[in-house]
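Following this message is one structure expressed as structure tokens.
Just so it is clear, none of the values below were taken in a lab; they were calculated from the coordinates. Because the structure is predicted, anything quoted here is derived from the model rather than measured. As a convention, Cβ positions derive from the backbone with ideal geometry for all residues, glycine included, and neighbour counts pool all protein chains shown.
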Amino acid sequence: MRPIIFSKMDFSHSNLFGYIEDLQELTIIERPVRRSLKTPEEIERLTVDEELSDIERAVFLLSSGQDIQGTSVVANLPVLMRQNPAETLRRVLPKIREVLHVAGVEMQLTAAVSFLTVLQEESVSIHTYSHSFLHIILQNVEHRDAGVSNAWLETLLAVIEALPKETVRHEILNPLVSKAQLSQTLQSRLVSCKIMGKVANKFEAHIVKREVLPLVKSLCQDVEYEVRTCMCRQLEHVARGIGTELTKTVVLPELVELARDEGSSVRLAAFETLVNLLDMFDADDRSQTVLPLVKSFCEKSFKADESILVSLSFHLGKLCNGLYGIFTPEQHLRFLEFYKKLSTLGLQQENGHNDNQLHLQTLEQEKKYISVRKNCAYNFPAMIVFVDPKNFNLELYSIFFCLCHDPEVPVRYTMAISFFEVLDALVGHLPEILELMTNGGENSGSESKLLSIPDLIPALTTAEQRAATSLKWRTHEKLLQKYACLPHIISSDQIYYRFLHRMLTIILTNNVLPVQKAAARTLCVYLRYNRKQEQRHEVIQKLIEQLGQGKSYWNRLRFLDTCEFIMELFSKSFFCKYFFLPVLELTHDPVANVRMKLCCLLPKVKSTLKIPTDKHLLQQLELCIRKLLCQEKDKDVLTIVKRTVLELDRMEISVDAFQKRFYENDLLDQEKETQEQLLLEMEQLEKEKQKNEGRSTNINDKMLEKKRRDSKTSSVLAKSINLSVSGSSSGTSVGKEEKKSKLVRSQSFSTQVLHPKYTNIDKCPNKSSATAYTSSVSGMGKSCMLSFSDDSFRTHSSGNSGNAAFTSSSSRNLFNSADQKNSGNKESQSRKMSIIQLVPEWEGGMGQSEEKTENQTPRSSDRKMREPETGGSNVLVR
């Protein structure tokens, strides 16, 4: 057809007929439109008296109505049976039976479904059902239309399971003998095959052997391949009904014969039945009978129809694992190579030829190849078991890579479902996968987490970001829910720095409510298992400030959602300590929706209180409720407030002690509180461990430095001894110099005692105790402390001065500093002196003290400090 361009139309005689032909092609042919209006006769026939009851109306429509009205009555049969079963069985069901003889396909299908619904709803007893409905089902099960026949057959098979054995035997099994004869129609024999498989599980083995197995053998040798195929597929149900012994002697020979049948569909059915019955055959049967048949079937499969390959690829995993114990190494390798070949079917280029040199595959063939690869992806986990997981990299990794990168989406998706690797399929099994990945498939310790998978955390964060930027918010929601498993996978610090703040950001910025709630709950789980109190306090503060006190009412609503999760995951005391009052503050929120949601939450809030511990919080709650009742102006909020007040009045508050009616809840709350306390204790132990490790390192360094100084000091003393021996004439001057040096040391020590950093007595850890100096050698790993007061200088008034005096130079320095203090300032005599702490530097701020006390070597006499005697005179021993 040539395009018509009216702006350049040439109406000359030569072109006129061409344009007329084009116009004729564009002419819209008017079609007769059927009038939708009904004739008076039709309207009168379709009119039903409104005063008729449901039963009378159903009978009327089945008797004189049109097919569509009769179909409506049949579809409404379960309702009529529920309302009035007796009248329905007496008046309606006989009419339905009459109509079904001449009914169309639609009414037949509707009747089959309605009869099955009546059975499932148990509107009548099974005896009444078999008496009223079973004969109608049996009459229509051999309908000439295959679809109708299958529908009635499905109803009949469901009825057989519910019927008593005697009813099945007399009404179904006995007539089946004649229905299965070769003289009957093909449809009748096909129906008989399916009924055989169902009744085989209904009776005992000896009855099946006597009455069913002869019919089974006859149908397995039917002249029509459809009948042989159908009966072959029912042999599995027959075998389950008769047991192992009869299966070996009766069913297995029939399967062997059918496996060599001339019809490909029969051979395929025999193969599938053999695979499904592998667990019923012993090792000899599997090795001598089943394995040769399977090998022959697999070898001929590539030469046969592709539909056989589809079925073979689907059952290959079950087949390989079912025959695993009898495979030789050669057979094992052969089946593995067969699986690899099927996994790349349709993707390989043979003999180096490109696609242009190959014949174009038909669309149907391509679909079958895709189905084969999809089935290989489905069986991939089973093949991992077949080759042993230890050999995965060597044997199956290449196939794994190919299936994961298959050009067809169904193949990749099936691979994802098998291995849970694509996001939608991964999310549902994320906790199990992460646990296996971090543990390496074994129950390894937590210290080995993430050592073998350093890219796990970046991969998790990337997956969440991609889900957040996609339009699949349900996937994002589910992913955030599953991320709650991370406390069992990675450390608390990794969660805090990589995931916890991300959850808070999602709550604040995401626009999808389910996603926000999922992030809020996961954040609460992270907070629940966080092992550092400082981090927990920071998160709690952010929740209160950014959500509870946020500018957006939406954030304040999410704060209430978060508080619900807090009450679910944490103990009552935890919620009352951190969130009870911030929640009550929202009673003054300017937005009615926030106040409304808060009122709905108040019963849960009250349930967290314990009396008498939380009596002041209960008073705050009652005060807020009174204010709401008195000051609330919004009608909807006030209605909810009144309803909440009634609910709160009916509530009973638990007490600190266990009560019988609250025992389970109190026990659960106690477990939560115990776990929270355990986290605090674990944190304290970790801090002490770190301090001890740091202290041991410092002590080792100090010991090495001390040894180095001692070696230098020994050499200096040796030199000084030589000088003193050589210069004995100047002994007096040397003695004076020694006294001066002692005085200098005494003054320097007194300045250490009165150092401004330690003059504040409140900063000292032990204000009342006067402990002796403990040496770093005897007290290694413990804090070394020297503290004293004015009482330290008191001795017994009658004591010997020689015994009271300190023999070391350090003791003299102490008393010299005391004399200087008494003579220099009388007002300071009654004030206690500051405590001197010689503590290694743990957390900073003590370095200066260390440097000053490091060179002072403690002596044995430094530890000899007399206890003051009450009532004695204050004598300073020089």
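Determine how many Å³ per residue the convex hull of the Cα atoms of region 213-355 encloses.
109
Oh, and also: Please compute the length gained on full extension between Thr117 and Ile68, using 0.36 nm multiplied by the number of residues separating them and subtracting their Cα-Cα distance.
Difference between extended and current length: 15.6 nm.
I want to check the label-to-label distance for Asp285 and Lys367. Put each point 7 Å from Cα in the C-beta direction and report it in nm to one decimal.
Result for the modelled spin labels: 3.8 nm.
With no solvent and one point on each alpha carbon, what is the Debye value of log10 I(q)/I(0) for region 459-498 at q = 0.22 Å⁻¹?
Debye curve over Cα of region 459-498, log10 I(q)/I(0) at q = 0.22 Å⁻¹: -0.72.
Related question: Packing-wise, with mean Cβ within 10 Å as the measure, how do 524-534, 618-628 rank, highest first?
The peptides rank, most packed first, as 524-534, 618-628.
When only DSSP loop residues count, what GluC sites (Glu not before Pro) in region 162-208 have their Cβ near at most 16 other Cβ atoms within 10 Å?
Glu204
I would also like to ask the following. Please give the contour-minus-distance gain from His135 to Leu347: 0.36 nm per residue of separation, less the Cα-Cα distance, rounded to one decimal in nm.
70.8 nm
Let me ask another. Compare the peptides 456-464, 472-480, 686-694, 550-558 by average per-residue count of other Cβ atoms within 10 angstrom and give them in order, highest first.
For the peptides 456-464, 472-480, 686-694, 550-558, the packing ranking is 472-480, 550-558, 456-464, 686-694.
Cross-link list Lys318/Lys367; Lys340/Lys367; Lys194/Lys248; Lys367/Lys482: which exceed 29 angstrom alpha carbon to alpha carbon?
Checking Cα-Cα distances, Lys367/Lys482 exceed 29 Å.
Which one of Val199, Pro214, Leu186 has its Cα pushed farthest toward the positive end of the charge dipole of region 144-242, where Lys and Arg give +1 and Asp and Glu give -1 at the Cβ?
Of the options given, the answer is Pro214.
Starting from the Cα of Tyr225, step 7 Å along the direction of its Cβ; do the same at His405; then give the gap between the two resulting points in nm.
Roughly 4.1 nm, to one decimal.
For a quick protection proxy, order the peptides 484-490, 294-300 by their average other-Cβ count within 10 Å, most packed first.
Per-residue Cβ counts within 10 Å, averaged per peptide and sorted highest first, yield 484-490, 294-300.
How would you classify region 546-595 from its alpha-carbon gyration tensor, with a ≥ b ≥ c the square roots of the eigenvalues: rounded for a/c under 1.5, else prolate if a/b is greater than b/c, otherwise oblate?
The shape class here is prolate.
What shape does region 480-622 take by its C-alpha gyration tensor, where a ≥ b ≥ c are the square roots of the eigenvalues and a/c under 1.5 counts as rounded, a/b above b/c as prolate, and the rest as oblate?
It comes out oblate by the Cα gyration axes.
Using R₀ = 56 Å, calculate the FRET efficiency as 1/(1 + (r/R₀)^6) where r is the Cβ-Cβ separation of Tyr413 and Gln670; round to 0.05.
Once the sixth-power term is evaluated, E becomes 0.75.
If eta is 1.567 mPa s and T is 4 °C, what Stokes-Einstein diffusion coefficient results for region 169-227, Kirkwood Rh from Cα pairs, in µm²/s?
In µm²/s, the coefficient rounds to 113.
On each of the three principal axes of the Cα atoms of region 91-162, give max minus min coordinate, whole Å, ordered largest first.
That gives 30, 27, 17 Å along the principal axes, largest extent first.
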